[in-house]
Amino acid sequence: MPRLVLRPACLACLALLAACGPSLPELANRTGAEGPAAPYPRLVPLGPLLGQADVLAPPAAGRVGEDLVARAADLRRRAAALRDMPL
């Protein structure tokens, strides 16, 4: 019985939240007369853009992996030195 009441109540709460949200801006008033009359944007070739994509690529995973292996070996060495210390 409580489920029958809970579903409509949740739906009513969601509808109330959606109705109380911020109003959408008037987009028609934000553009001037030059907007619809503006020329179509210039198209650029895709090749140079793809060539620049390599500059933005993340570093190679192999180099990062080698750094992590070296750090892990150093941490193991330091842990072994701590275990061998007298108390």
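The table for this structure:
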quantity: Qualifying positions in segment 41-63 - more than 22 Å from the chain's Cα centre (by Cα) and at pLDDT below 75; calculated: 62, 63
quantity: Conditions (1) at pLDDT 75 or above; (2) loosely packed, with under 10 Cβ neighbours inside 10 Å: number failed by residue 3; calculated: (1)
quantity: Selection within segment 17-40 - part of a helix (DSSP H, G or I) and at pLDDT 80 or above; calculated: 37
quantity: Yes/no for residue 71 being at pLDDT 80 or above, basic (Lys, Arg) and part of a loop (DSSP other than H, G, I, E, B); calculated: no
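The values are calculated or read from the model by the stated rules, or taken from the named source; none is laboratory data. Nothing here was measured: the structure is a model prediction, and the numbers come from that model. Here the Cβ is made from the backbone with ideal geometry for all residues, glycine too, and neighbour counts use every protein chain on show.
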